[in-house]
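The structure under discussion appears below in the form of structure tokens.
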Amino acid sequence: MRVPLVTAALVLLVAPARADDESHAPTVHKGGWVDLVATAYVGDGLRFNNPYRLSTVLGSDAQSLSRTAAYADFGGAMLLGDPAVLAHGLAVRVSSSLEGISQTVLTPSYLALHRWGPWGAFGRAGPTIVLTPDTTWGLEGAAGALWYARAGIGVSLELVGDVVYGAGTRDVAVATYPLLSAQAGLWVSWEAMP
């Protein structure tokens, strides 16, 4: 008789604690969630091939590192799906140099976002199109972290990798320029939930 009473008492003591514990609450999925995003970043990077011996060379030969021009990056995106699982969408970014030779780059890309409360992680990938001074193209991939300081207003850090095909040199008909950049900025979103 004692064992059933002790068991019943333990169940009654544990049950309210588990009901209040959010880790055991059922997961709420946000089907039909739509997020419109505007971003603004500033960044700088490294170029891993410098055939023109730019003034910011960090090494001793043409294949050495050089610093890219600082740049501003503005964009917009639309995401669909549940960000607690994985939201998918499209992003368009426009980057423009802030120093040196004027250069403008357009990057349409696929975007994926996962959120944990005020925190988030995202990745994007797509073609990159250099519009000025000379038109060329390449590929871009990026990964970033996000923290919402207020509802809909976040601070973001992003690591961006590019491979751009450019004008040739005497040694190479079509040169490739690998780049690695870091950028920080604002992420502003407008969410619509069903």
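The values are calculated or read from the model by the stated rules, or taken from the named source; none is laboratory data. Just so it is clear, the model here is predicted, and its values are computed rather than measured. Ideal geometry is used to build each Cβ from the backbone, glycine not excepted, and the neighbour counts take in all protein chains shown.
Restricting the search to the stretch 163-180, which residues are part of a strand (DSSP E or B) and either among the aliphatic types (A, V, I, L, M) or modelled with pLDDT of 95 or more (or both)?
V163, V164, A175, L179, L180
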* Which residue pairs have Cβ atoms closer than 6 Å, lie 6 or more positions apart in sequence or on different chains, and pair a first residue in the stretch 92-121 that is over 20 Å from A143 (Cα atoms) with a second residue that is part of a loop (DSSP other than H, G, I, E, B)? -> S97/A69; S97/Q103; L98/A70; E99/A69; E99/A70; G100/A69
